[in-house]
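None of the figures in this text is laboratory data; all of them are computed from the coordinates on show. Please read these numbers as outputs of a predicted model, since none were measured by experiment. FYI the Cβ positions are ideal-geometry reconstructions off the backbone, even for glycines, and counts take in every protein chain you see.
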């Protein structure tokens, strides 16, 4: 069993990565994507998106972090992959799954699932640019409009020399709408030699058990499920039947998260960052709904300090 914390742009930043991995259970984390256009990026870009590189490429709880790159320019992808490894990244992950319209318009993310040959060249360029012992992984969806090119894309990634593949069990068009199509991952796994990591709609330990039974792999990437329940990976490993993180365990985490955000982020962004996480927590926890309702219209940071202190 290998459990991975998913790259979630604008959500699983280093604040949540630190907090979630501190609960235990994760083998590694994939960062938010580093956008590559046509040239090598300054080190400051890598440090901004993945500040764990300043601490040996690991979160505070010693969980390795893998930098994710997004782009299609072969030379630039290769050069930035090399630099990420030099800075301490735990391998390189390549993004072929981002559904953002802005990203797709510039020929990045899921739009490349229409072009298996381009995917092959991107993976090959990165694979050849880094030492053989360095992990080069990729994350994709079932396809863009449909799953007709699913196998072509996966085989392109495999034949280009990738080490492992994570597949989100939806197409770009399906977005995040339920259900995740685990049966498609099972069909794909039968055709691949490449290790497959399942992703999509794993909210509880029971979901994990059903997913791996269908797909046939014990490896899974946890995304929004871990945002809503930070100890999900640990409960999966313990074969727990508990569906959600107890609120009593979440309360101090919310306080810790708020302190981190207040200490590091510009003041104008702090309130929004707190509300974003609470908005996810309230999908599962009634107490988080009450807190979210209490702070949703609040912008004054001192008042938010008081609200969070009273809860946490």
So what's the angle, to the nearest 10 degrees on a 0 to 90 scale, between helix 286-295 and the longest Cα principal axis of the chain?
80 degrees
For region 1-158, the Rg and Dmax computed from alpha carbons only, in angstrom
14.9, 42
Gain in length, residue 38 to residue 279, computed as 0.36 nm per residue apart minus the alpha-carbon separation, to one decimal in nm?
83.1 nm
Using a 7 Å offset from the Cα along the Cα-to-Cβ direction at both residue 132 and residue 11, what is the distance between the two label points in nm, to one decimal?
3.9 nm
How much of the calculated P(r) for region 36-100 lies past 14 Å, in percent of all Cα pairs?
55 percent
Using the Kirkwood radius over Cα pairs, work out the Stokes-Einstein diffusion coefficient for region 99-242 at 10 °C and 1.306 mPa s, in µm²/s as a whole number.
101 µm²/s
Roughly how many whole Å is it from the C-alpha centroid of region 14-30 to that of region 44-109?
17 Å
Subtract the Cα-Cα distance of residue 54 and residue 213 from 0.36 nm times their separation in residues, and report this length gain in nm to one decimal.
53.3 nm
Output row, site residue 240, 7 Å Cα→C-beta label point, backbone N cut-off 18 Å, window region 274-293, residues 281-288
How much length is gained if the chain between residue 298 and residue 47 is pulled fully straight, taking 0.36 nm per residue apart and subtracting their Cα-Cα distance, in nm to one decimal?
87.3 nm
Distance between Cα centroids, region 123-148 to region 193-229: provide it in whole Å.
20 Å
If each of residue 117 and residue 151 carries a label point 7 Å out from its Cα toward its Cβ, how far apart are those two points in nm?
2.1 nm
Rel. contact order, % - alpha carbon contacts under 8 angstrom, at least six apart, the chain:
15 percent
Based on the mean of other Cβ atoms within 10 Å per residue, sort peptides 171-179, 6-14 so the most packed one is first.
6-14, 171-179
Whole-percent tail of the Cα-Cα distance distribution for the chain, cut at 23 Å, equals 56 percent
Ranked from highest to lowest mean number of other Cβ atoms within 10 Å per residue, what is the order of the peptides 289-296, 18-25, 142-149?
18-25, 142-149, 289-296
How do 128-141, 84-97 rank on mean C-beta neighbours within 10 Å, highest first?
84-97, 128-141
Based on DSSP H runs of at least 4 residues, each adding -39500 (n - 2.57), what is the mean residue ellipticity at 222 nm of the chain after dividing by all its residues, to the nearest 500 deg cm²/dmol?
-13500 deg cm²/dmol
